[in-house]
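What follows draws every value from the coordinates through simple rules; no lab data is involved. In this text the structure is predicted, and so the values were computed from the model without any measurement. Neighbour counts are summed over all protein chains in view; Cβ atoms, including those assigned to glycine, are modelled from backbone coordinates with ideal geometry.
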């Protein structure tokens, strides 16, 4: 379709088609993640974030361009997940600024809006890094400004922007060593280009499509006490892939809980189950496809708190409140013992949204609220929730579970919020983290050749050791990083490991380092066999 301006209805179609293209190619984007570990995925986080934007604009009738942009920005802000999702929400926020008071958009208007999008995204990141999605949005806006004029037809305009953005994406490995070593382009930039391609498809008259999945409906006929709830975690997610067999997957997980409902076709499986092992169910899902729309609710916790909510509201406002993000029954209990008020179920593969964190903030009656993300991919969403809240929120930039635990141990209720922020932030610098997990694909990191299902030893965020045996890899990486000055090693073993196996590693370490205090705790975390804390 030849046109020189975009009205609100067309912009709405462009967003919907951009969402469709990103959603259906999120596995491609996920595959570009530098580390081949079962961690939070760029494509999935971007798709979930953009889907929240679409939810806001889908019901708009006869909107102006600025109304569409405003609704999309609002939806993405609340639904932002992971670093890539937060940056995408900031891009949409900047785009909204550029569309202010605009009924329609010309190429000049759209180019200016992209420039605002780029500027806003760069400002949102404390230390912008080139070779990322930031580079792609900047280059896209630069090319748009060069081309924009009142006479250019928009299909030619967008075609040129996409071409230039693709050229910029191909250069990202030259800007980031990690991309070059892994042999991939930037995942976030790739996701953004899928959105641009969706814009172009809508402009040129391609049918707007959205995947359909039946929603699960369930109800409870009677009130139960939290002790009567046999399976405590309501677990829901969607598996996306090719040639999926819903009945086979149903039989695989049916013995892990009740209230099971599996709805599927060849490409999607919608899963709902009440279980005590959500990590196991999620791991089975990961083995056959990509996961989206993951939602885990602690029904015992919700039941208990529903009945004491009114009582809590009447209580006097306390001085300090705490929120953390963690996954695993044992780790959940450890943080509860450290007086955490709200535990958001999440972390690896499941990054909570800005809205999830904001709801947790609103649910705490305290003057000062500390947030411990415990994952580098959740820190931006936590800071975004902080900016949206009227409460005094302090985000401690903990990137691992051991950092979060150590940070809480540094807290002193007799100190001011500022003093505690300093103590807790400095505390995370005194702990080092080793994680043992597995590879989800063939890859290469520095001089390490990695095959799918290899066991990986990760030290402070980088792959250090590769092998075939969990115990051997754990001992190998610990032998490299434990020093004479270290005093304490804490072992948190996951749901795939038993206490006997964890104690065996403890004994081996104690034999080699007799002066080292070694403690063993059940973490119950999925995906990661062990998390080690070294202090």
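For the stretch 405-532, the Kirkwood estimate of hydrodynamic radius, built from reciprocal distances between every pair of different alpha carbons, is 15.9 Å. Candidates (1) 81, 59, 43; (2) 77, 58, 55; (3) 62, 54, 43; which is the computed Cα extents along the principal axes in Å? Here the calculated entry is (2). Output the 0 to 90 degree angle, nearest 10, between the alpha-carbon long axis of helix 499-512 and the longest principal axis computed from the alpha carbons of the chain. In the chain, helix 499-512 runs at an angle near 70 degrees to the longest axis. With R₀ fixed at 35 Å, the C-beta to C-beta distance from residue 460 to residue 295 puts the FRET efficiency at about 0.70.
Subtracting the Cα-Cα distance of residue 125 and residue 247 from their residue separation scaled by 0.36 nm leaves 39.5 nm. Output the 0 to 90 degree angle, nearest 10, between the alpha-carbon long axis of helix 154-170 and the longest principal axis computed from the alpha carbons of the chain. That helix lies at roughly 30 degrees to the long axis. Within the stretch 401-434, list the residues whose amide N lies under 20 Å from a label point set 7 Å along Cα→Cβ of residue 317. From the stretch 401-434, the list is 413-421. Protection proxy ranking for 170-179, 280-289, 441-450, 511-520, using the average of other Cβ atoms within 10 Å per residue and placing the highest first: 280-289, 170-179, 441-450, 511-520.
Between residue 451 and residue 362, the modelled labels are 5.1 nm apart [label points 7 Å from Cα along Cα→Cβ].
The modelled label-to-label distance for the pair residue 484/residue 499, using points 7 Å beyond Cα in the direction of Cβ, is 3.7 nm. The distance separating the Cα centre of the stretch 106-123 from that of the stretch 412-449 comes to 35 Å. When each of the peptides 195-205, 147-157 is scored by how many other beta carbons lie within 10 Å of its residues on average, the order from highest to lowest is 195-205, 147-157. In whole angstrom, the stretch 8-203 maps to an equivalent ellipsoid with semi-axes of 25, 19, 14, each derived as √(5λ) from the alpha carbon gyration tensor and ordered largest first. Working from Cα pairs under 8 Å separated by at least six residues, relative contact order for the stretch 320-378 is 49 percent.
Between helix 379-388 and the chain there is an angle of about 70 degrees, using the helix long axis and the longest principal axis of the Cα atoms. The Kirkwood radius of the stretch 233-297, taken over pairs of alpha-carbon atoms, gives through the Stokes-Einstein law at 20 °C and 1.002 mPa s a diffusion coefficient of 190 µm² s⁻¹. Neighbour counts of other Cβ atoms within 10 Å put 237, 110 in the fewest-to-most order 237, 110.
What residues of the stretch 147-179 lie in the reach of a label at residue 108, counting those whose backbone N is under 16 Å from a point 7 Å from the Cα along Cα→Cβ? Only 147-154 pass the distance filter. A helix-only calculation puts the chain at -15000 deg cm²/dmol for mean residue ellipticity at 222 nm, using -39500 (n - 2.57) for each DSSP H run of at least four residues, averaged over all residues.
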